[in-house]
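Let me begin by presenting the structure, written as structure tokens, before commenting on it.
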Amino acid sequence: MIRILFENHEFIVIDKPAGLAAQPGEGLRDDVISALERQLGYRLFPVHRLDKETAGCMMLAKDAKAANEWSNRLASREITKRYQAWVAGVPSKRKGTIEDALEGKRGTQAACTLWTLHETWLFPLQEHFDSHFDAQDKEHVCNEIELANQYPAHVRVDAAEANSLTLSLLGLELSTGRMHQIRRHLAGIGLPILGDDKYGNFSLNKALRKKGIRHLMLWAYELVLPWPSLQPPNMTILATEPPHFISLRGILEREGRVLDRNIIGLGDEKTI
């Protein structure tokens, strides 16, 4: 059963599980809309969509009129969508903005993603890909580790951690809503989302799967809606942290080392 986070006469907000497509499509065994219509007994209309492997807040209207109204509010930025993502690497600043235009069905369109660094960990990988991968895969993973390990000058890394990977947790907010925007933007600046085989690093993801990290590490954790009857005039809806995010933190706490956030990304905000 899909968990409902909020419901009124116009729409519902659900906690979408990872691995379930947002809407019907060829070759799909099930999807969010079909499952919810069976669960609730009435028709639903998507206000926005999430990728199949992305968990978190998703909004669906109860009729076409409400879907159009709330979709327009989303397009006019009255609705705020916030995400968290675990990426390979560490940004050089505490926060920044990515403004790279993206190609889509309607041609090249402006796209804007705001990001904030929450934390960074060192995570050992060497012993796992030494025994499990061929020479080409090892080279790809080693290259990815070399690219990702841009340690800040103040971070001390001992010899045992020389082949560790830096993994960072980012908070993200969209000013636009293009296809796979977060995944494409982060991959474009050298911070691929863990588990993203489409835009990320397949060989690195293969190594991470040996450590139990198997899912796309992107979570739509918060939705902020305009709500005039409240003070301040908005309503915040929070999703439950998905199991694969909880699992990754457990793995990091057992096997990794968190870097002091005060010595990571000492620079000011930047636009890319």
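The values are calculated or read from the model by the stated rules, or taken from the named source; none is laboratory data. No experiment lies behind these values; they were computed from the predicted model shown. Here Cβ is always computed from backbone atoms with ideal geometry, including for glycine, and neighbour counts include all displayed protein chains.
Brief remarks follow.
- Positions within the stretch 57-97 being touching a Lys or Arg at 6+ places or on another chain (Cβ under 6 Å) and more than 22 Å from GLY41 (Cα to Cα), in sequence order: ILE79, LYS93, GLY96
- Only listed residue being outside the structural domain of LEU117 (by TED's automatic domain parsing), in a loop (DSSP other than H, G, I, E, B) and surrounded by 14 or more Cβ atoms within 10 Å (Cβ to Cβ), chosen from ARG43, ARG49, ARG29: ARG49
- Residue tally, condition outside any strand (DSSP E or B), in contact (Cβ under 8 Å) with a residue 60 or more places away in the chain and surrounded by fewer than 18 Cβ atoms within 10 Å (Cβ to Cβ), over the stretch 84-104: 4
- Whichever residue in the stretch 105-126 is in contact (Cβ under 8 Å) with a residue 24 or more places away in the chain and among the small types (Gly, Ala, Ser) and, among such residues, is nearest to ALA88 (Cα to Cα): ALA111
- Exactly one residue out of GLY250, GLY212, GLY256 is in contact (Cβ under 8 Å) with a residue 24 or more places away in the chain, of a type outside the set (Ser, Thr, Tyr), under 28 Å from LEU122 (Cβ atoms) and surrounded by fewer than 14 Cβ atoms within 10 Å (Cβ to Cβ), and it is GLY212.
- Every listed requirement among (1) in contact with a Pro (Cβ under 9 Å, 6 or more places away or on another chain); (2) farther than 26 Å from TRP115 by Cβ; (3) surrounded by 14 or more Cβ atoms within 10 Å (Cβ to Cβ) is met by ARG3 save one, (3).
- Residue satisfying all of: in the stretch 70-83; buried (at least 16 other Cβ atoms within 10 Å of the Cβ) and polar (S, T, N, Q); nearest to TYR221 (Cα to Cα) among these: THR80
- Here ALA67 does not fit the description of being surrounded by 13 or more Cβ atoms within 10 Å (Cβ to Cβ), modelled with pLDDT under 95, over 20 Å from the mean Cα position of the chain (by Cα) and not assigned by TED's automatic domain parsing to the domain that holds LEU174.
- Within the stretch 193-207, the only residue that satisfies the criterion of being of a type in the set (Ser, Thr, Tyr) and assigned to a helix (DSSP H, G or I) is SER203.
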